[in-house]
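Down below is the structure, laid out as structure tokens.
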Amino acid sequence: MQTKPENDTDLRLKVNRETARLQWSELEKHFAAGTVVYVANELDLVEVAVRISHDDKATIVQWMADGKVMKVSDQQAQSWQESDASLWAVVVNPFILVQQEKPSLH
């Protein structure tokens, strides 16, 4: 029996440990290969990675329809390049999920 994504604590911990901040310049070659996927700030990057790993199509399709998960656009890539943005990133083969740092609430 397969574990449900929301109960897969082992995978969630593994993904969390593998999440890192990277400069956009380190991700550009992957963007050129079409493998960089943007995750909106309102979503949890680790949760998205777990759902993709579990092939949770219904949730992923809904996020895509809502514009919360999508391939990085040329315009977004250019903006990140110009600002040398630092992004949270995690690999879910064959994709690299990226998310901008969430604004801190002061």
**Fill in**
Once residue 57 and residue 95 are pulled to full extension, the length gained, defined as 0.36 nm per residue separation minus their Cα-Cα distance, is 12.1 nm
**Complete:** If exposed means GluC sites (Glu not before Pro) lying in a DSSP loop and surrounded by at most 15 other beta carbons within 10 Å, then the longest stretch of the chain lacking such sites spans residues 43-100
**Request:** As a check on your grasp of the helix formula, calculate [θ] at 222 nm for the chain: sum -39500 (n - 2.57) over DSSP H runs of n ≥ 4, divide by the residue count, round to the nearest 500.
**Result:** -12500 deg cm²/dmol
**Fill in**
Square roots of five times the C-alpha gyration tensor eigenvalues of the chain, ordered largest first and given in whole Å, equal 23, 15, 14
**Fill in**
Net charge (Lys, Arg +1; Asp, Glu -1) of residues whose beta-carbon lies under 14 Å from that of residue 93, residue 93 excluded, is -1
**Request:** Could you work out the Rg to Rh ratio of region 58-103, with Rh taken as the Kirkwood radius (inverse of the mean 1/r over all Cα pairs)?
**Result:** 0.99
**Complete:** Treating only Lys and Arg (+1) and Asp and Glu (-1) as charged, each at its beta carbon, one finds that region 10-49 has a dipole about its Cα centre, in Debye to the nearest 20, of 140
**Mean Cβ neighbour count within 10 Å, used as a protection proxy, ranking 55-61, 94-100 highest first** = 94-100, 55-61
**Prompt:** In whole angstrom, how far apart do the alpha carbon centroids of region 7-21 and region 48-96 sit?
**Reply:** 16
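A short reminder: the numbers here are calculations on the coordinates, not readings from a lab. Note that the coordinates shown come from a computational prediction; the quantities given were computed from them, not determined experimentally. A quick note on method: Cβ atoms are made from the backbone with ideal geometry, for glycine too, and the neighbour counts reach across all protein chains shown.
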